[in-house]
Amino acid sequence: MIKVYFTPFFVRQLRSLPKEIQEEAIEKIDLFKDRRNHKTLKVHKLKGRLTGRDSFSVNYRIRVVFRFLSASEVVLLAIGDHDVYKL
């Protein structure tokens, strides 16, 4: 099981989303904690200026950007549409 931490920036972005998207994101974060779900969530490494960070899909439009702290710990950095990659 992966332990998940949240940055204040991530929490602000999550709260700014519509309620139904917030609920969907929380469900996907719970799924993300189990590595067996990573293929379903389309977890992938990011490139370019986001090298060292990874991302997974909440739905077709919304993405979560995160960074591994260790093999079993991550910090969620940002959530949003594809503009989230312009951190």
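The values are calculated or read from the model by the stated rules, or taken from the named source; none is laboratory data. Predicted model, so just to flag it, every value in this text is computed and none were measured. Glycine gets a Cβ as well: all are built from the backbone with ideal geometry, and neighbour counts include every protein chain shown.
Per-residue answers, yes or no, for (1) touching a helix residue (DSSP H, G or I) at 6+ places or on another chain (Cβ under 9 Å); (2) at pLDDT below 95; (3) hydrophobic (A, V, I, L, M, F, W, C):
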| site | (1), (2), (3) |
| --- | --- |
| 19 | no, no, no |
| 22 | yes, no, no |
| 32 | no, no, yes |
| 36 | no, yes, no |
| 56 | yes, no, yes |
| 63 | yes, no, no |
| 67 | no, no, no |
| 80 | yes, yes, no |
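Hey, does the stretch 8-23 have a residue that's in a helix (DSSP H, G or I), surrounded by fewer than 13 Cβ atoms within 10 Å (Cβ to Cβ) and of a type in the set (A, V, I, L, M, F, W, C)?
yes
Just give me the residues in the stretch 1-25 being without any contact (Cβ under 8 Å) to a residue 24 or more places away in the chain and not polar (S, T, N, Q), in sequence order.
8, 11, 12, 15, 18, 19, 20, 23
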> If you go through the stretch 50-87, how many residues are touching a residue at least 24 places away in the same chain (Cβ under 8 Å) and farther than 22 Å from residue 24 by Cβ?
Replying inline: 4
